[in-house]
Amino acid sequence: MNPAIKPFVSSQDISKGERGLGKIANELQGSAYGIVCVTRENQAAPWINFESGALSRELDESMLAPFLLDLSVRDLSGPIAQFQATESASQEDVWALVKGINSECEESVEGDRLEVVFNRFWGDLDADLREVRSAQSGDAPPGRDIPEILDELVSLVRDQTMRIHKLEERFESVRVANTSHNYTINDPQQVTIEVDELVESRKERALRQDRFIAQVRKLLGPSNVLGVAKTSKRVAIVVNRDGLNRAQLRVHDLQELASMYLVWAVIEEEGKGQRNRVILNP
């Protein structure tokens with residue numbers, strides 16, 4: 001798809017006699033993307049979550065993509081479920097993954113040309129993936145049942161509720177601090193202090209927004225961000241089609257950034273208005 005991509009597969013690229021862990025660690029230091037192939041059978045194995053955790057720590061700001069061979073996203077469980085997964089049976093899903101990998105390359109291929117190459121080779125790839133799925137053990141664990149999925153959703157909602165409650169408490173404390181102005185006309189020094197604090201508060205907000213925007217540019221790719229507008233209430237980021245696809249693929253990471261920097265933001269495709277957008281709340 002892109003000549004700049006240099007894949008490393010531990011089962012093929014480690015020679016006999018080499019120190020496997022050392023070779024993998026060296027490769028990870030220069031990697032920008034990690035793919036973990038997941039099946040119904042191996043997702044419950046302790047090693048896959050251990051190695052995925054090690055991979056995500058090594059990659060740091062880079063991305064980790066679970067590639068689901070014979071299961072759907074709803075059947076994915078465990079720590080690896082926190083990452084945005086790709087269903088191998090979905091051409092659209094795999095195309096989004098390919099675009100995400102291409103955007104991480106220093107020399108990315110143009111979107112239209114990349115799509116032509118992808119469509120040309122999808123039939124071969126899909127046939128190989130079908131062969132892999134058919135070769136999976138018939139004794140593999142069944143898909144997750146509805147009660148288990150609902151329990152996980154309840155747990156996630158509770159976690160989000162707690163985070164929202166903590167944020168509300170922080171905002172309330174800031175609001176009270178900024179509205180508690182007890183001074184008189186005969187106390188000009190205190191008035192000056194209050195004004196200075198208000199200016200500093202605005203500077204801090206602008207600084208948070210700038211840091212958020214810088215991280216978003218890094219996630220989406222600087223060339224995909226076409227424009228940025230800031231107000232006291234939110235940040236609006238205009239992107240191209242690839243940028244929107246990237247935002248939809250990395251919405252979990254973007255939401256984490258919005259929560260970290262306490263920024264309301266909207267990411268929308270140029271010229272599409274409200275039809276194609278990603279909304280982020282802290």
*So residue 132 clears everything in (1) closer than 23 Å to residue 223 by Cβ; (2) touching a residue at least 60 places away in the same chain (Cβ under 8 Å); (3) loosely packed, with under 15 Cβ neighbours inside 10 Å except one condition, right? Which one?*
(1)
*Search the range 207-232 for residues being part of a loop (DSSP other than H, G, I, E, B) and either basic (Lys, Arg) or exposed (fewer than 12 other Cβ atoms within 10 Å of the Cβ) (or both), and hand back the single one that is modelled with the highest pLDDT.*
231
_Residue pairs meeting the criteria (Cβ under 8 Å; at least 6 apart or on separate chains; first more than 21 Å from residue 69 (Cβ to Cβ), in the range 23-38; second open to solvent by less than 50 Å² (accessible area, probe 1.4 Å) and small (Gly, Ala, Ser))_ = 28/34; 31/62; 32/62
*Meets criteria (part of a helix (DSSP H, G or I) and modelled with pLDDT of 70 or more) for residue 93*: yes
*Can we say residue 114 is in a loop (DSSP other than H, G, I, E, B) and open to solvent by less than 60 Å² (accessible area, probe 1.4 Å)?*
no
*asked:* Given the options 223, 259, 232, name the one that is among the small types (Gly, Ala, Ser) and under 19 Å from residue 33 (Cα atoms).
replied: 223
*Residue selected from the range 233-250 under the condition over 12 Å from the mean Cα position of the chain (by Cα) and outside any helix (DSSP H, G or I), by the criterion modelled with the lowest pLDDT*: 233
*Residues being modelled with pLDDT under 70, among the aromatic types (Phe, Trp, Tyr) and surrounded by 15 or more Cβ atoms within 10 Å (Cβ to Cβ): count how many of those fall in the range 1-56.*
0
*Looking only at the range 79-134, which residues are of a type in the set (Val, Ile, Thr) and closer than 27 Å to residue 30 by Cβ?*
80, 86, 94, 98, 101, 109, 117
*asked:* For the structure I just gave you, tell me whether residue 115 is under 27 Å from the mean Cα position of the chain (by Cα) and modelled with pLDDT of 90 or more.
replied: yes
*Looking only at the range 57-86, which residues are modelled with pLDDT under 70 and part of a helix (DSSP H, G or I)?*
57, 58, 59
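The values are calculated or read from the model by the stated rules, or taken from the named source; none is laboratory data. No experiment lies behind these values; they were computed from the predicted model shown. Here Cβ is always computed from backbone atoms with ideal geometry, including for glycine, and neighbour counts include all displayed protein chains. Surface accessibility is based on the protein's heavy atoms, side chains included, excluding ligands, DNA and RNA. Shrake-Rupley method; radii C 1.70, N 1.55, O 1.52, S 1.80 Å.
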